[in-house]
Amino acid sequence: HLAALVLARGGSKGIPLKNIKLLAGVPLIGWVLRAATDAGVFHSIWVSTDHDEIEKVAKQFGAQVHRRSPEVSQDSSTSLEAIREFLNHHHEVDIVGNIQATSPCLHPSDLIKVADMIQKEGFDSVFSVVRRHQFRWSEVKKGENKMTEPQNLNPAKRYRRQDWPGELYENGSFYFAKRHLIEKGYLQGGKMAYYEMRAEHSVDIDIDIDWPIAEQRVLSFGYFGKEPLKEVKLLVCSIDGCLTNGRIYVTEDQKEMVSYDYRDIVGIDLLKKRGIQVRLISERDCSKTLTAMQLGCIAKVSTTNKLQVLEDWQKDMRLSWKEVAYLGNEESDVECLKKAGMSGVPADACAVAQKAAGYICKSNGGCGAVREFAEHIFLLLEKVNSARKQ
């Protein structure tokens, strides 16, 4: 029994609840859980945590949850202690694939190869490494009267990068080990092997603490699912709660008014300029509002079945679902969010809509969420174009 185990303690010295902080619209832990699920090699996938919110997110991504004890949830607790506690409660597990939540560029192909190494080639432990071309020098502490010394180079004959194979360093992405080894107090030992990951996939949030930079790396090199991304050609946006904040103001003479963010109008305009058609949808009759906003978008209002409208538009335009993006915020949007190839919700969307979406905006509805989702679409389109060139 090969089990994937992600350790995700609630406490974090640097970034509060880092393990579920949104990275490129997905909770950090969600990136590795998606890779583990799609690898298809694990008999079970677990998250070991002491925090209710992390448990909730883990279950949203299909993982089972092991509630770790306070004894192994301290700042001083080690990964090995948490893994051994997990094994004490799960006697069916023979091999643990300990996957780090802070490695969002992990791909299923890496996990598949490592599973073969430990299950078919007979290794007792396998861990991930990355190749680096860095010259090391000895440390000279303050007050010591001595010179630094080269550790892995001759300064008189410095290697060119292409002439030097570099060195292997642990990148912390994963550690696979058999039960008997862990019970003896080791994650690495016995018949041991390393697995070399590609440098662009070796993103460690513990090191890459600049979140925007990490997001760019993930958008460029992360794993987005089994099917390849396609160029988005249609964005369908729910009006109430996405384009507007959902509030309706009523004047004394019973006229309705809504507010919107001009940034969202700019976002719609930018999408159109990129050749992406934008259509709007609403359960209520807001045709007067749309006329006043002068967006120039096809809209369907007073609809009782958003999914049917979305399917009709998708068929009429002869698009695959991968070419459709959807931005919604309510329970009535859930099926549309699940169908669309790219889906998003504002930060204040209801819980079931957030669970169904692939991207959760930092902005609330009516406060820049449409513009933010447009920027997300543009970034993923860059990834599509890059893949085509390769």
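The values are calculated or read from the model by the stated rules, or taken from the named source; none is laboratory data. It should be emphasised that the depicted structure is a prediction, and the values quoted were computed from it without experimental measurement. Here the Cβ positions follow ideal geometry from the backbone for every residue, glycine too, while neighbour counts run over all protein chains shown. In case anyone asks, the SASA skips ligands and DNA or RNA and just uses the protein heavy atoms, side chains included. Shrake-Rupley method; radii C 1.70, N 1.55, O 1.52, S 1.80 Å.
Considering only segment 260-281, how many residues are hydrophobic (A, V, I, L, M, F, W, C) and either open to solvent by 30 Å² or more (accessible area, probe 1.4 Å) or modelled with pLDDT under 90 (or both)? Outline the logic, then answer.
Initial filter on segment 260-281 (hydrophobic (A, V, I, L, M, F, W, C)): 265-266, 268, 270-271, 276, 278, 280-281.
Now narrow it down to the ones that are either open to solvent by 30 Å² or more (accessible area, probe 1.4 Å) or modelled with pLDDT under 90 (or both): 265-266, 270.
Of the residues in that region, 3 qualify.
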| remark: Scanning segment 117-145 residue by residue, the ones that are surrounded by 12 or more Cβ atoms within 10 Å (Cβ to Cβ) and either touching a residue at least 24 places away in the same chain (Cβ under 8 Å) or touching a Gly at 6+ places or on another chain (Cβ under 9 Å) (or both) total 14
| query | Limited to segment 52-85, what total is found for residues that are within 25 Å of the chain's Cα centre (by Cα) and in a helix (DSSP H, G or I)? | reply | 12
| field | When residues of segment 344-365 are limited to those that are in contact with a Phe, Trp or Tyr (Cβ under 8 Å, 6 or more places away or on another chain) and open to solvent by less than 10 Å² (accessible area, probe 1.4 Å), the one farthest from Val278 (Cα to Cα) | value | Cys361
| query | Of the numbered conditions (1) within 26 Å of the chain's Cα centre (by Cα); (2) surrounded by fewer than 21 Cβ atoms within 10 Å (Cβ to Cβ), Arg284 satisfies every one except a single condition; which is it? | reply | (1)
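So that you can scan it fast, the table gives a plain yes or no per residue for (1) in contact (Cβ under 8 Å) with a residue 24 or more places away in the chain; (2) out of contact with any helix residue (DSSP H, G or I) (no Cβ under 7 Å at 6 or more places or on another chain); (3) within 29 Å of Phe221 (Cα to Cα):
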{"site": "Leu2", "(1), (2), (3)": "yes, no, yes"}
{"site": "Ala39", "(1), (2), (3)": "yes, no, yes"}
{"site": "Val47", "(1), (2), (3)": "yes, no, yes"}
{"site": "Ser69", "(1), (2), (3)": "no, no, no"}
{"site": "Asp75", "(1), (2), (3)": "yes, yes, no"}
{"site": "Ser79", "(1), (2), (3)": "yes, yes, yes"}
{"site": "Leu87", "(1), (2), (3)": "yes, no, no"}
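Return yes or no: is Val232 assigned to a loop (DSSP other than H, G, I, E, B) and either β-branched (Val, Ile, Thr) or at pLDDT 95 or above (or both)?
Values: assigned to a loop (DSSP other than H, G, I, E, B): yes; either β-branched (Val, Ile, Thr) or at pLDDT 95 or above (or both): yes.
Yes: the conditions hold for Val232.
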| query | If you go through segment 293-307, how many residues are open to solvent by less than 40 Å² (accessible area, probe 1.4 Å) and touching a Leu at 6+ places or on another chain (Cβ under 6 Å)? | reply | 1
| field | Output for segment 18-38, where each listed residue is open to solvent by 10 Å² or more (accessible area, probe 1.4 Å) and either in contact with a Gly (Cβ under 6 Å, 6 or more places away or on another chain) or in a helix (DSSP H, G or I) (or both) | value | Lys18, Asn19, Ile20, Arg34, Thr37, Asp38
| Residues being without any contact (Cβ under 8 Å) to a residue 24 or more places away in the chain and surrounded by 20 or more Cβ atoms within 10 Å (Cβ to Cβ) - total across segment 212-247 | 0
| task | Kindly list the number of the only condition in (1) open to solvent by 20 Å² or more (accessible area, probe 1.4 Å); (2) out of contact with any strand residue (DSSP E or B) (no Cβ under 9 Å at 6 or more places or on another chain); (3) closer than 23 Å to Lys21 by Cα that fails for Gly368. | result | (1)
| Cβ-Cβ below 7 Å, separation at least six or inter-chain, first residue in segment 355-384 and on the phi > 0 side of the Ramachandran plot, second not in a loop (DSSP other than H, G, I, E, B): which pairs? | Gly366/Leu243; Gly366/Thr244; Gly366/Tyr260; Gly368/Arg263; Gly368/Asp264
| field | Test: residue in segment 269-279 that is among the basic types (Lys, Arg), farther than 27 Å from Lys355 by Cβ and not in a loop (DSSP other than H, G, I, E, B) | value | yes
| task | Pull up segment 15-30, narrow it to residues that are under 16 Å from Met342 (Cβ atoms) and not aliphatic (A, V, I, L, M), then point me to the one that is modelled with the highest pLDDT. | result | Gly30
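Residues are listed down the side, and each one gets a yes or a no for (1) surrounded by 17 or more Cβ atoms within 10 Å (Cβ to Cβ); (2) aliphatic (A, V, I, L, M):
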| site | (1), (2) |
| --- | --- |
| Val258 | yes, yes |
| Thr291 | no, no |
| Leu310 | yes, yes |
| Gln314 | yes, no |
| Tyr326 | yes, no |
